[in-house]
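> Below you will find the structure I want to go over with you.
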Amino acid sequence: MARVALVTGGSRGIGAAISKGLKAAGYTVAASYAGNDDAAAAFTRETGIPTYKWDVSDFDACAAGVAKVEADLGPIDVLVNNAGITKDGMFHKMTKDQWYAVINTNLNSLFNMTRPVWEGMRARKFGRVICISSVNGQKGQMGQVNYSAAKAGDIGFVKALAQEGARAGITVNAICPGYIATEMVRAIDPAVLEKAILPQIPVGRLGEPEEIARAVVFLAADEAGFITGSTLSANGGQLMS
């Protein structure tokens, strides 16, 4: 029987590529999303992957969403914490709402989503938790204090939880993408991309969502059971650590 994978923010951008990659690898996949009903419906029509709508910053909504997915598809074996937002601004102008929106969605969601699946994974002696962090969580980024703090927190979450899950057959890992050719990045002024962003990337190009998806599929596999607490950098050489 195919293992069940749940991808948060799984109907667009990197998340959509991850959902498709896991399905192609033989998983039964569910994708959660926050608000774009039209995009989610189009994704389901295109891929056959069911989508579920809830707010990952709301613990009760996450618990109910997980219960619904498991009722429909079976116990969740693989959780990909991918959902995230940006609300950029220089710190001296950053508002409380900008700070808490990003922390709640990009960091607190890891607790909200992982806690409801954790006991089941422990009972079954198998689980894969994969958190999509960011190169900016590793190095920091001006104008993204909220985002960098949340993504750095994701890495700390992974390193601590991996120690708790190891003897229960659960691995917990992070992937830190650099600049990936998503709709959001493609919307950046081409001049800024060419002059300010691409020169930072030794391979000379943006990453592709499918490259992140392949990393997720690798870490989700049964054969990756000896890899846990790791941070996999996928940034074209922008940061080597």
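> Provide the net charge surrounding Ser230, with neighbours chosen by a C-beta distance below 14 Å and charges set as Lys +1, Arg +1, Asp -1, Glu -1. Can you show the working numbers first?
Numbers: positive: Arg128, Lys159; negative: Asp154.
Residues near Ser230 contribute +1 overall.
> Among Ile180, Gln200, Gly137, whose Cα projects farthest towards the positive end of the dipole of the stretch 131-212, with charges put on the beta-carbon of Lys, Arg (+1) and Asp, Glu (-1)?
Value computed over the given set: Gly137.
> Which of Asp60, Asp222, Asp38 moves the most in a Gaussian network model of the chain with Cα springs under 10 Å?
Greatest mean-square fluctuation among the candidates belongs to Asp38.
> So how tilted is helix 13-24 from the main axis of the chain? Cα-based, degrees 0 to 90, rounded to 10.
Approximately 30 degrees, to the nearest ten.
> Sort out for me the Cα centre separation of the stretch 100-178 from the stretch 1-52, rounded to whole Å.
With the stretch 100-178 and the stretch 1-52 each reduced to a Cα centre, they are spaced 19 Å.
> Related question: Along the Cα-to-Cβ line of Ala196, 7 Å from the Cα, sits a label point; which residues in the stretch 164-180 have backbone N less than 17 Å from it?
The answer is 179-180.
> Across the stretch 38-48, in residue order, what do the Karplus-derived ³J(HN,Hα) couplings come to in whole Hz, using 6.51 cos²θ - 1.76 cosθ + 1.60 with θ = phi - 60° and x for Gly and Pro?
5, 5, 5, 5, 5, 4, 5, 4, 6, 10, x
> May I pose another question? Please build a GNM for the chain, connecting alpha carbons under 10 Å apart, and tell me which residue among Ile170, Ile201, Ile103 fluctuates the most.
In the Gaussian network model the winner is Ile201.
> Moving on. What is the set of long-range amide H partners of Glu208 at a cut-off below 5 Å, with H atoms built 1.01 Å from backbone N?
For Glu208, the qualifying residues are Ala181.
The numbers here are math on the coordinates, done by the rules we state, and not lab data. Since the model is a prediction, treat every value here as computed from it, not as a measurement. Cβ atoms come from the backbone with ideal geometry, glycine included; neighbour counts cover every protein chain shown.
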